[in-house]
Amino acid sequence: MHKITIKNKHLKFKLHPWHGVFVGDNAPETVTCYIEVVPTDTVKYEVDKQTGFLKIDRPQKYSNVVPALYGFIPQTLCADNVGEYCSEKTGRPDIKGDGDPIDILVLTEKNISHGDILCEARPIGGFRMIDGNEADDKIIAVLKGDAVYGDFKDLSDAN
């Protein structure tokens with residue numbers, strides 16, 4: 001795991017989860033994920049881009065409760081390249097990136113009680129999502145070492 005050196009031992013701070021957290025030495029095979037929302041959450045939390053604190057985005061509707069740990073991959077950005085790739089693959093012109101980090105859903109058999117945590121996960125696939133004219137792709141991953149999903153290597157393993 002990436003070590004952080006602090007010159008002033010009395011300095012207390014929390015790294016911004018998007019910009020200050022290392023994606024991992026073995027990315028993209030294994031990535032560090034910042035988890036915002038867990039399946040039992042009744043509200044959708046989202047990292048405030050300016051402060052890095054977790055904030056309430058909106059109450060969850062029953063139809064869109066997340067089925068897995070949901071968050072993002074630090075130091076990533078869904079921007080022009082992702083939008084252009086999405087346009088190319090879908091044949092839809094003028095798709096832009098949504099300007100957010102790349103979303104990730106992490107499968108685990110464990111009950112994780114809250115977000116605002118980091119975990120290591122192995123991507124096994126993903127799906128393309130378009131919101132209006134913005135790309136909003138989702139990576140599907142498995143929690144590293146998970147007893148049920150840990151051996152999955154590809155999305156087809158989840159069938």
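Within the stretch 71-108, if we keep just the residues that are outside any loop (DSSP other than H, G, I, E, B) and touching a Phe, Trp or Tyr at 6+ places or on another chain (Cβ under 9 Å), the residue that is surrounded by the most Cβ atoms within 10 Å (Cβ to Cβ) turns out to be Gly71. Within the stretch 125-157, being among the acidic types (Asp, Glu), more than 15 Å from Leu69 (Cα to Cα) and part of a loop (DSSP other than H, G, I, E, B) holds for Asp136, Asp137, Asp151, Asp154. Checked against (1) more than 20 Å from Leu118 (Cβ to Cβ); (2) among the aromatic types (Phe, Trp, Tyr); (3) under 18 Å from the mean Cα position of the chain (by Cα), Tyr45 passes all but a single condition, namely (1). Checking the stretch 109-122 against the condition returns a match, with at least one residue being touching a residue at least 60 places away in the same chain (Cβ under 8 Å), under 20 Å from Gly24 (Cα atoms), of a type in the set (D, E, K, R) and crowded, with 17+ Cβ neighbours inside 10 Å.
Only one of the numbered conditions (1) at pLDDT 90 or above; (2) surrounded by fewer than 10 Cβ atoms within 10 Å (Cβ to Cβ) is violated by Pro67, and that is (1).
Taken as a whole, the structure places Arg58 among residues that are in a strand (DSSP E or B), farther than 24 Å from Leu15 by Cα, modelled with pLDDT under 95 and not aromatic (Phe, Trp, Tyr).
The one condition from (1) touching a residue at least 24 places away in the same chain (Cβ under 8 Å); (2) at positive phi that Gly132 does not meet is (1). A count restricted to the stretch 23-46 and to residues that are of a type in the set (A, V, I, L, M, F, W, C) and without any contact (Cβ under 8 Å) to a residue 60 or more places away in the chain stands at 3.
The values are calculated or read from the model by the stated rules, or taken from the named source; none is laboratory data. Everything quoted here is computed from the prediction, not taken from an experiment. Reconstructed Cβ throughout: ideal geometry from the backbone, glycine too, with neighbour counts over all protein chains shown.
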